[in-house]
Amino acid sequence: MNTLLYRRRRLVNWVNMSIAVLMTVFGIFWVVWILWTTLRYGLPAMNWALFTQDTPAPGADGGGLRNAFVGSLLLLGMAVLIGTPVGVLAGTWLGEFAVKHRLGAIVRFLNDILLSAPSIVIGLFAYAIVVDPMGHFSAFSGGVALTLILIPVVVRTTDEMLRLVPGSLREAAIALGAPYWKVITHITWRAASTGILTGIILGVARISGETAPLLFTALNNQYFSLDVNHAMANLPVVIFNFAMSPYANWQQMAWAGAFVAMVFILLLSAGSRWLLRQRGQKH
Amino acid sequence: MNGSEALAAEASAADIPGQAKSARKAPSVLADFLFRKTTGVVAFLVAISLVAIMISLVDEGSKALHTFGWRFLVTSTWDPVNNQFGALVFIGGTLISSVIAMVIAVPVSFGIALFISELSPNWLRGPVSAAIELLAAIPSIIYGMWGLLVFAPWFAAFEPWINDHLGAIPGLGLLFQGPPMGIGMLAAGIVLAIMIIPFISSIMRDVFMVTPPALKESAYALGATTWEVARYVVLPFTRTAVTGGIFLGLGRALGETMAVTFIIGNANRLQASLLMPGSSIASVIANEFTEATTELYRSSLLALGLILFVITFIVLVLAKLLLMRLESAAQGARS
């Protein structure tokens, strides 16, 4: 037995495995650091005025982020309202009618590309099709941009979740005489509902932090506004402007906003994980 | 699915006895047809939105492309005052920051995937995966704020060391010489790396997990160490998918906007040193779009968007094709 070779192989193994462990620690180190930073600067900046007052003028004291929160919720609502039906319908076609279809494969492929397309490009597209023809920035165009980012997420999860529904369920319903559209709406959608909901929640988590596509669509607004036809304050853009500003009050407010956004997103992802686990137990 | 559709049609045709057959048959067949077509049309619309993006960007950027032609791609002048625009600085910045990100992120992701799939005890697997995936959940604006206000000052303190050690290497040292500002190309690349680690490592982890156990166990039975199994069995088997995952991460890095905008320094020139500030396509669009007052200026920014879209599109298509190849290989090995 060549003990020298054996020792060397064992050493190489030990060194490389230690590096793997180190890399994992390295990865987790950043998560902890970033979350800790958000907590450390965000938590002290939290107060009630944040939710009851609007964004302050440059250099002014006090104020809050009410208009930004409301604007962001409105944009998210718009995206969910348009994006969910479109995404679910498109996903249904993929998962029910086009599982082994050549055209289905192409649509699935393009949808996956859209899923990873840079969000700033989607923003430029929203600018080109809404802002440019209308001649002014609007919350509506921001909603369109966010919708376009949400849709591929919903399409993909709907498709995947429908394909997980056992065929025997469909056959049983068909054997009872149900037309196929009824089989889908009453049986397979229902069987896949938790999974689809998870996808929607994850999609919302993703778009609620999106800043780039809103910079030149929804823009920003110093005042409280519910008019979707005009520029509207929204959390990510306000955070961006405030964080880049030289005013201490604005910077503090940016941290508070970042903290709220972070908590919102973490709650959404925790919720979707919990839902998935529920689903796992049910079956 | 065609089989079950035919079944559905037959089932609705063979109606409950005693009821008027023809009256019930027609609506449900029609409803099926309509339902199928509606979903199909919606799916088609989603798919062609990519084409629509491309067309609208070409249309909006056409003025710049017409004015400057091919020179737009290779000129480095970006002078809004004199209406002279060239994309070279930003294309360079995008590529360089992404390459830095890949150089850091790929080995780290490989280590993480290796740890999760081969080393970790079962109870630790879930928490570690969740923690790494959390990196993907953090919005890029928070990466940006953290990068500018927390990471950059810390990194600036570290930069004199880089100057003294890496900067002293003959030739290559040129890349690592510069004032310790914290922000710049290298800092942007590092933050980008952290942002794409979860994407690359989760794909690597998933494909490592689908390596048929029989392959791994045979190697172990021959006395191979964990590293040898990973290096000579798992990695060759999953090579195409691993490359696909790397490309997917690259696609993310190329288009990442907010974090880069915060930390790259936003200087509209290309410099040899990685410690100096630069600009990427995404960051210049984010910074200057609302300030673009002339038609040509705005059109140039949209043309930059088009270039970014084309680059990421190619990278993402390659990624998907590579990932699809493993899927069929894994299926072949299992059957």
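Looking only at the stretch A:25-36, filter to residues that are of a type in the set (Phe, Trp, Tyr) and more than 7 Å from chain B (Cβ to nearest Cβ); which one of those is least open to solvent (accessible area, probe 1.4 Å)?
A:TRP33
Which one of the conditions (1) at the interface with another protein chain (Cβ under 10 Å from one of its Cβ atoms); (2) in contact (Cβ under 8 Å) with a residue 60 or more places away in the chain; (3) over 15 Å from B:ARG36 (Cα atoms) does A:ALA68 fail to meet, given that it meets all the rest?
If we test A:ALA68 against (1) at the interface with another protein chain (Cβ under 10 Å from one of its Cβ atoms); (2) in contact (Cβ under 8 Å) with a residue 60 or more places away in the chain; (3) over 15 Å from B:ARG36 (Cα atoms), just (1) comes out false.
Any idea which of A:LEU4, A:LEU39, A:LEU22 is out of contact with any helix residue (DSSP H, G or I) (no Cβ under 6 Å at 6 or more places or on another chain), touching a residue at least 24 places away in the same chain (Cβ under 8 Å) and either hydrophobic (A, V, I, L, M, F, W, C) or surrounded by 15 or more Cβ atoms within 10 Å (Cβ to Cβ) (or both)?
Result of the check over A:LEU4, A:LEU39, A:LEU22: A:LEU39.
Considering each of A:MET262, A:MET244 in turn, give the residue that is touching a residue at least 40 places away in the same chain (Cβ under 8 Å) and either over 20 Å from A:LEU76 (Cα atoms) or open to solvent by less than 50 Å² (accessible area, probe 1.4 Å) (or both).
Unique residue meeting the criteria: A:MET262.
Is it the case, given these coordinates, that A:VAL238 is on the phi < 0 side of the Ramachandran plot, open to solvent by less than 10 Å² (accessible area, probe 1.4 Å) and among the hydrophobic types (A, V, I, L, M, F, W, C)?
yes
Within the set of pairs 6+ apart or on separate chains, which have a first residue in the stretch B:139-150 that is under 16 Å from A:VAL32 (Cα atoms) and more than 7 Å from every other protein chain (Cβ to nearest Cβ), a second that is among the hydrophobic types (A, V, I, L, M, F, W, C) and outside any helix (DSSP H, G or I), and C-beta atoms under 9 Å apart?
Pairs that qualify, where the first residue is under 16 Å from A:VAL32 (Cα atoms) and more than 7 Å from every other protein chain (Cβ to nearest Cβ) and the partner is among the hydrophobic types (A, V, I, L, M, F, W, C) and outside any helix (DSSP H, G or I), are B:GLY147/B:ILE183.
Quick one: which of A:LEU176, A:LEU164, A:LEU219, A:LEU169 is on the phi > 0 side of the Ramachandran plot and surrounded by fewer than 24 Cβ atoms within 10 Å (Cβ to Cβ)? Reasoning before the result, please.
Working: A:LEU176 fails: on the phi > 0 side of the Ramachandran plot; A:LEU164 fails: on the phi > 0 side of the Ramachandran plot; A:LEU169 fails: on the phi > 0 side of the Ramachandran plot.
Result of the check over A:LEU176, A:LEU164, A:LEU219, A:LEU169: A:LEU219.
Of all residues in the stretch A:42-83, which are in a helix (DSSP H, G or I) and either basic (Lys, Arg) or open to solvent by 40 Å² or more (accessible area, probe 1.4 Å) (or both)?
Correct list: A:LEU43, A:PRO44, A:PHE51, A:THR52, A:ARG66, A:VAL70, A:LEU73, A:LEU74, A:VAL80, A:LEU81, A:ILE82.
Checking the condition more than 7 Å from chain B (Cβ to nearest Cβ), part of a helix (DSSP H, G or I) and buried (at least 22 other Cβ atoms within 10 Å of the Cβ), which residue from A:VAL144, A:VAL121 passes?
On the way: A:VAL121 fails: more than 7 Å from chain B (Cβ to nearest Cβ).
Among A:VAL144, A:VAL121, only A:VAL144 is more than 7 Å from chain B (Cβ to nearest Cβ), part of a helix (DSSP H, G or I) and buried (at least 22 other Cβ atoms within 10 Å of the Cβ).
Give the stretch B:66-90 a look and list any residue that's touching a residue at least 60 places away in the same chain (Cβ under 8 Å), aliphatic (A, V, I, L, M) and under 16 Å from B:GLU288 (Cα atoms), or say none.
If the condition is that a residue be touching a residue at least 60 places away in the same chain (Cβ under 8 Å), aliphatic (A, V, I, L, M) and under 16 Å from B:GLU288 (Cα atoms), then B:ALA87, B:VAL89 are the ones that fit.
Can you find a residue that is assigned to a helix (DSSP H, G or I), crowded, with 22+ Cβ neighbours inside 10 Å, modelled with pLDDT of 90 or more and at the interface with chain A (Cβ under 9 Å from one of its Cβ atoms) anywhere in the stretch B:285-296?
Checked against the condition, which is being assigned to a helix (DSSP H, G or I), crowded, with 22+ Cβ neighbours inside 10 Å, modelled with pLDDT of 90 or more and at the interface with chain A (Cβ under 9 Å from one of its Cβ atoms), the stretch B:285-296 yields at least one hit.
Please report, ordered by residue number, the helices (runs of 4 or more DSSP H) entirely within the stretch B:1-76 with at least 2 residues that are modelled with pLDDT under 50, more than 9 Å from chain A (Cβ to nearest Cβ) and within 27 Å of A:THR188 (Cα to Cα). Spell out how you get there, then give the answer.
Numbers: elements: B:2-13, B:21-68, B:71-74.
Helices (runs of 4 or more DSSP H) meeting the threshold: B:2-13, B:21-68.
Being surrounded by 19 or more Cβ atoms within 10 Å (Cβ to Cβ) and touching a Gly at 6+ places or on another chain (Cβ under 9 Å) is true for just one of B:LEU274, B:LEU254, B:LEU321. Which residue is that?
None of the other options fit; the residue is B:LEU274.
Taking the stretch B:129-145 as the search range and keeping residues that are more than 18 Å from the chain's Cα centre (by Cα) and open to solvent by 10 Å² or more (accessible area, probe 1.4 Å), which one is farthest from A:LEU22 (Cα to Cα)?
Restricting to residues being more than 18 Å from the chain's Cα centre (by Cα) and open to solvent by 10 Å² or more (accessible area, probe 1.4 Å), the top hit is B:ALA130.
Restricting to the stretch B:155-206, give me the number of residues that are of a type in the set (Gly, Ala, Ser) and over 21 Å from B:ALA282 (Cα atoms).
Residues of the stretch B:155-206 of a type in the set (Gly, Ala, Ser): B:156-157, B:167-168, B:171, B:173, B:178, B:182, B:184, B:187-189, B:193, B:201-202.
Narrowing further to those that are over 21 Å from B:ALA282 (Cα atoms): B:156-157, B:167-168, B:171, B:173, B:178, B:201-202.
Total meeting the criteria: 9.
Pairs please, first residue from the stretch A:226-239 and modelled with pLDDT of 90 or more and of a type in the set (D, E, K, R), second anywhere and open to solvent by less than 60 Å² (accessible area, probe 1.4 Å) and part of a helix (DSSP H, G or I), Cβ atoms under 9 Å, 6+ apart in sequence or on different chains.
Pairs found: none.
The values are calculated or read from the model by the stated rules, or taken from the named source; none is laboratory data. Since this is a predicted model, take the numbers as computed values, not measurements. Cβ: placed from backbone, ideal geometry, glycine included. Neighbour counts: every protein chain shown. To get the accessible areas, we keep the full protein, side chains included, count just its heavy atoms, and leave off ligands, DNA and RNA. Shrake-Rupley method; radii C 1.70, N 1.55, O 1.52, S 1.80 Å.
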